[in-house]
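Chemist: Structure in structure tokens, see below.
The values are calculated or read from the model by the stated rules, or taken from the named source; none is laboratory data. In this text the structure is predicted, and so the values were computed from the model without any measurement. Quick reminder, even Gly has a Cβ in these numbers, built from the backbone with ideal geometry, and neighbours come from all protein chains shown. What goes into the accessible areas is simple: the full protein's heavy atoms, side chains included, and nothing from ligands, DNA or RNA. Shrake-Rupley method; radii C 1.70, N 1.55, O 1.52, S 1.80 Å.
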Amino acid sequence: MGDFYNIVSQFKIEGKIKDILPIGNGLINETLRVSTIAADTPDYILQRINNNVFPDVNLLQHNIEAVTGHIRNKLKELGEEDVNRKCLHFIESVGGKTYYQDANGNYWRMSVFIPDSFTKEEVSPESAFCCGETFGNFEKILLDLDEPLGEVIPNFHNMEFRLRQLHDAVVADKMGRVASVRDTLSEIERNADEMCLAEKLYRDKVLPKRICHCDTKVNNMLFDSDGKVLCVIDLDTVMPSFIFSDYGDFLRTGANYVAEDSDDYQAVGLKEDIFCAFTEGYLSTAGSFLTAIEISHLPYAVALFPFMQCVRFLTDYINGDVYFKTKYAEHNYVRSRNQLLLYRDVRRHDQMMNEFIKKILKL
């Protein structure tokens with residue numbers, strides 16, 4: 001643990017360290033809790049930044065600093081008394097940045113630990129409503145952020161880019177797997193043009209990009225002991241994107257009857273109650289600023305993300321499973337089929353989704 005103590009010493013924290021222990025998934029070089037001795041000094045979270053996923057650490061931390069600083073100022077303007085529990089706070093290093101690079105080339109950052117806070121894993125109608133309300137408000141509060149943010153993962157949710165990656169994989173066919181997935185490829189091709197609509201609307205200057213979280217899951221929010229939302233966490237992917245990213249991707253994972261890698265294909269489908277709860281919560285906050293184009297294409301967003309994930313899983317399968325971790329040879333193909341089935345079921349719900357949105361907004 002000596003190395004961790006040395007890393008912590010590079011940050012301007014309060015108090016003396018009692019211990020440093022792994023938390024979360026137990027990967028000791030990923031996330032640790034730094035406890036201090038005195039009751040009046042905070043504990044901290046020490047994280048190793050994944051420099052493979054986020055190669056531009058300076059841009060990554062710039063985005064996070066800009067977002068958290070803006071949220072803090074907004075909360076203070078609103079008279080919030082408990083700002084330190086409602087917004088993440090990252091600690092400056094002795095070098096003046098909110099990250100530190102060690103002798104091995106690893107990047108680290110520290111934030112203040114928020115006590116008596118919890119995450120949730122289960123997506124129920126109640127938690128789905130809270131997620132929608134919170135992520136909609138997250139976008140809303142950042143509408144007037146003047147500091148420009150960069151794309152920490154360029155083309156992360158760009159459907160045209162993901163289809164080009166698939167095309168390249170098919171042409172290369174490194175593992176000789178293309179022949180066995182022709183049916184899936186044909187269905188993707190039939191729907192590809194329609195699913196690239198967001199990029200076309202953006203080029204036509206009718207669909208804006210906004211500051212989005214881009215990883216909207218129920219476990220990316222902290223709750224207090226009363227079950228009330230404290231703040232949004234895991235801000236690594238915060239960047240300019242279409243609001244479809246926050247809206248559609250939550251429903252892709254949260255509103256499927258089964259996990260994305262389940263081979264129980266008969267059970268794959270859209271949970272209407274989760275869709276309705278999340279949508280109602282999201283529109284209760286985001287409805288005040290969304291444009292007519294954004295609102296009318298929310299059902300498209302629900303279909304876009306399983307389609308996109310189908311393409312990404314299939315691309316990785318054809319390439320030989322080089323990106324997503326797999327547990328068996330056909331894992332990525334199972335994932336791809338699962339997401340394609342979810343896409344089909346979402347499209348069967350187009351009328352229901354449109355009617356519900358109009359009802360909520362009284363259109």
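Chemist: Kindly indicate which of Val171, Val181 is more than 24 Å from Thr68 (Cβ to Cβ) and touching a Ser or Thr at 6+ places or on another chain (Cβ under 9 Å).
Modeler: Answer to the check: Val181.
Chemist: How many residues are out of contact with any helix residue (DSSP H, G or I) (no Cβ under 7 Å at 6 or more places or on another chain) and not in a helix (DSSP H, G or I) when one looks only at the stretch 61-88?
Modeler: Total meeting the criteria: 4.
Chemist: Within the set of pairs 6+ apart or on separate chains, which have a first residue in the stretch 190-202 that is of a type outside the set (D, E, K, R), a second that is at pLDDT 95 or above and open to solvent by 30 Å² or more (accessible area, probe 1.4 Å), and C-beta atoms under 6 Å apart?
Modeler: Ala192/Leu163; Cys196/Glu160
Here's the yes/no breakdown for (1) touching an Asp or Glu at 6+ places or on another chain (Cβ under 9 Å); (2) within 30 Å of Ala286 (Cα to Cα); (3) small (Gly, Ala, Ser); (4) part of a helix (DSSP H, G or I):
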residue	(1), (2), (3), (4)
Leu143	no, yes, no, no
Leu149	no, yes, no, no
Pro154	no, yes, no, no
Arg162	no, yes, no, yes
Gln165	no, no, no, yes
Val170	no, no, no, yes
Gly176	no, no, yes, no
Ala179	yes, no, yes, yes
Asp183	no, no, no, yes
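Chemist: Please verify whether the stretch 114-128 includes one or more residues that are basic (Lys, Arg), closer than 28 Å to Gly281 by Cα and either free of Cβ contacts under 8 Å to residues at least 60 places away in the same chain or crowded, with 17+ Cβ neighbours inside 10 Å (or both).
Modeler: yes
Chemist: Next question. Within the stretch 260-291, restricting attention to residues that are without any contact (Cβ under 8 Å) to a residue 40 or more places away in the chain and in a loop (DSSP other than H, G, I, E, B), which residue is least open to solvent (accessible area, probe 1.4 Å)?
Modeler: The qualifying residue least open to solvent (accessible area, probe 1.4 Å) is Lys271.
Chemist: Can I ask one more? State whether one or more residues within the stretch 238-248 are farther than 30 Å from Arg72 by Cα and open to solvent by less than 60 Å² (accessible area, probe 1.4 Å).
Modeler: Within the stretch 238-248 (the criterion being farther than 30 Å from Arg72 by Cα and open to solvent by less than 60 Å² (accessible area, probe 1.4 Å)), the answer is no, since none of the residues qualifies.
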